[in-house]
Amino acid sequence: MKHLSLTAGQIAEMVKGTLKGAADRVITSVSGIKDAKADQLSFVGNRKYQHQLESTEAGVVLVCADLAGESTENRSLIVCENVDHAFAMVVGMFAEEPPAWEAGVHPSAVVAADVKLGEGVSVGANAVIEAGAEIGNGVQIGAGCYIGHQVKIGDGTMLYPNVTVMYRCTIGRKCILHPGVVIGGDGFGFIPGKQGLVKVPQTGIVQIDDDVEIGANTTVDRARFGKTWIKSNVKIDNQVMIAHNVVIGESSILVAQCGIAGSAEIGRGVVLAAKAGVNGHITLGDGVQVAGTSGVVKSLPAGAIALGTPAESQREFMARFTLPSRFEKLNTKFKELTREVEELKAALKK
């Protein structure tokens with residue numbers, strides 16, 4: 001991290017928070033709440049982690065409004081409306097600048113003669129750019145990347161080492177593709193034939209719009225026809241699998257190891273948590289949230305929250321989850337009523 005000293009008062013002003021405690025307390029770095037020391041800043045964004053606030057040695061802590069009344073002995077608190085956002089701002093202040101990529105083509109790179117390279121492009125060692133590709137201004141292509149025939153990459157996009165973008169696919173402006181990403185590999189399509197499985201040609205492309213970030217070792221398959229389409233501002237975690245002809249709406253979030261089967265359509269602002277699976281040829285409406293490890297087998301309307309396998313609504317899940325305990329209570333009540341009836345019958349016979 002940078003060698004930097006800031007006071008609690010300066011930080012409170014930067015993040016537009018309310019300072020509780022000494023304004024002149026100095027921090028020189030940031031840390032997680034468990035490991036933070038007296039000269040470090042940390043954060044607690046939820047009251048359920050109050051116990052961590054009580055035990056931390058951090059000199060300055062960003063906290064949510066629910067923790068505004070906590071002790072300021074040996075520390076300063078900064079109450080923030082959005083703790084995560086405020087902490088990200090402070091981390092950015094202390095973060096080292098990323099390594100600089102020098103413009104130019106490394107001598108070991110192989111670039112076809114007709115490739116169009118924009119201004120300030122960086123092409124790393126052993127990268128390959130095939131014929132007909134168009135690379136925008138300021139694009140950074142890391143070592144060992146493969147850019148296929150007629151690929152188009154927009155201004156300011158960064159491809160970390162060993163990214164593969166297959167032929168005719170397009171990537172927008174200011175995208176980030178982390179190591180091992182594969183864009184435009186064939187979709188998984190086979191049909192039974194007389195002598196076994198016959199491959200179905202995958203003739204489409206992948207289109208990735210502006211400001212998309214894709215995590216390491218994620219794969220986005222080329223369409224059978226038309227395009228697999230990742231719309232603008234989508235954020236995709238590591239090891240995610242997106243099949244052919246999938247459409248993902250703007251500003252959606254796909255968390256690690258989730259998978260989307262062919263021709264599914266994901267709306268705007270959808271969240272798929274880790275290891276969630278989405279069946280092919282279904283639609284998830286805008287703002288749908290799918291819990292981790294859930295399996296979605298049917299279309300969901302806008303705003304739905306789904307969990308479990310097969311995925312169901314919160315009400316359905318809780319009804320099924322609590323059914324055994326409710327049945328046990330009903331069974332106990334039934335036994336009590338049966339006993340009372342038997343006692344009444346015995347009393348009437350006397």
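Summarise the accessible area of the chain (1.4 Å probe, protein heavy atoms) by the percent that is carbon and sulfur.
55
What FRET efficiency comes out for the pair residue 96/residue 55, r = Cβ-Cβ distance, R0 = 35 Å, nearest 0.05?
Given R0 = 35 Å and the Cβ-Cβ separation, E is 0.75.
In whole Hz and in residue order, list the ³J(HN,Hα) couplings for segment 281-286 that follow from phi through the Karplus curve 6.51 cos²θ - 1.76 cosθ + 1.60, θ = phi - 60°; x for Gly and Pro.
So the J values, rounded to whole Hz, are 6, 10, 10, 10, x, 4.
Net charge near residue 91: determine it from the other residues with C-beta under 12 Å of the C-beta of residue 91, scoring Lys and Arg +1 and Asp and Glu -1.
My count for the surroundings of residue 91 gives -1.
Once each part is reduced to its C-alpha centroid, what is the distance from segment 170-188 to segment 217-286 in angstrom?
Comparing the Cα centres of segment 170-188 and segment 217-286, I get a distance of 13 Å.
State the antiparallel share, in %, of DSSP beta bridges confined to segment 48-193, rounding to the nearest 5.
0
Over the chain, with a Gaussian network built from C-alpha contacts below 10 Å, which listed residue (191, 33, 135) shows the highest mean-square fluctuation?
Ranking 191, 33, 135 by mean-square fluctuation puts 33 first.
Build a GNM of the chain with springs between Cα atoms under 10 Å: which of 340, 316, 328 gets the top mean-square fluctuation?
340
HN-Hα J couplings of segment 143-152 from phi, Karplus 6.51/-1.76/1.60, θ = phi - 60°, integer Hz, Gly and Pro as x?
Each residue's phi maps through the Karplus curve to give 4, x, 6, 10, 10, x, 4, 6, 5, 10 Hz.
Please report the antiparallel percentage of DSSP beta bridges with both residues in the chain, rounded to the nearest 5.
Once the DSSP bridges in the chain are tallied, antiparallel ones form about 15 percent.
Hey, got the dipole for the chain? About the Cα centre, +1 on K and R Cβ, -1 on D and E Cβ, debye to the nearest 20?
1740
Please sort by residue number the GluC sites (Glu not before Pro) in segment 117-211 whose DSSP state is loop and whose Cβ has at most 11 other Cβ atoms within 10 Å.
Answer in residue order: 119.
To the nearest 10 Å², what's residue 123's accessible area with a 1.4 Å probe?
0
Mind checking Rg over Rh on the chain, alpha carbons, Kirkwood formula for Rh?
Ratio of gyration radius to Kirkwood radius for the chain: 1.15.
Let me check I've understood the local charge: for residue 12, count other residues with C-beta under 15 angstrom from its C-beta, Lys and Arg +1, Asp and Glu -1. What total comes out?
Once positives and negatives cancel, what remains is +1.
Dipole of the chain (Lys/Arg Cβ +1, Asp/Glu Cβ -1, origin at the Cα centre): which of 274, 69, 105 lies farthest to the positive side?
The listed residue farthest towards the positive side: 274.
Toward the positive end of the charge dipole of the chain, about the Cα centre and with charges on Cβ (Lys, Arg +1; Asp, Glu -1), which of 197, 10, 149 goes farthest?
197
Which whole number of Å³ per residue matches the convex hull of the alpha-carbon atoms in segment 196-253?
It is 75 Å³ per residue.
Full extension from residue 286 to residue 85: what is 0.36 nm times the residue separation minus their Cα-Cα distance, to one decimal in nm?
Length difference between fully extended and current span is 70.0 nm.
Choose one answer from 315, 25, 268: the residue with the largest mean-square fluctuation in a GNM of the chain with alpha-carbon springs under 10 Å.
Answer for the Gaussian network model of the chain: 25.
Which residue, chosen from 36, 50, 324, occupies the Cα position most advanced towards the positive end of the dipole of the chain, where the dipole is computed from +1 (Lys, Arg) and -1 (Asp, Glu) charges on Cβ about the Cα centre?
With unit charges placed on the Cβ atoms, the residue in question is 324.
Ordering 146, 49 from largest to smallest accessible area (1.4 angstrom probe), what's the sequence?
In descending accessible area the options line up as 49, 146.
With viscosity set to 1.567 mPa s at 4 °C, what whole-number translational diffusion coefficient in µm²/s follows for segment 118-167 from Stokes-Einstein and a Kirkwood radius over Cα pairs?
The diffusion coefficient I find is 126 µm²/s.
Using 0.36 nm times the number of residues separating residue 126 and residue 348, minus their current alpha carbon distance, what extension gain do you get?
Stretched fully, the residue 126-residue 348 segment lengthens by 70.2 nm.
Over segment 69-227, one equal point on each Cα, no solvent: what is log10 I(q)/I(0) by the Debye formula at q = 0.11, 0.19, 0.21 Å⁻¹?
-0.55, -1.12, -1.29
Taking the Cα centre of segment 103-247 as origin, work out the dipole magnitude from +1 charges on Lys and Arg Cβ and -1 charges on Asp and Glu Cβ, in debye rounded to 20.
The calculated dipole for segment 103-247 is roughly 500 debye.
The values are calculated or read from the model by the stated rules, or taken from the named source; none is laboratory data. This is a predicted model, so every value here is computed, not measured. A quick note on method: Cβ atoms are made from the backbone with ideal geometry, for glycine too, and the neighbour counts reach across all protein chains shown. To get the accessible areas, we keep the full protein, side chains included, count just its heavy atoms, and leave off ligands, DNA and RNA. Shrake-Rupley method; radii C 1.70, N 1.55, O 1.52, S 1.80 Å.
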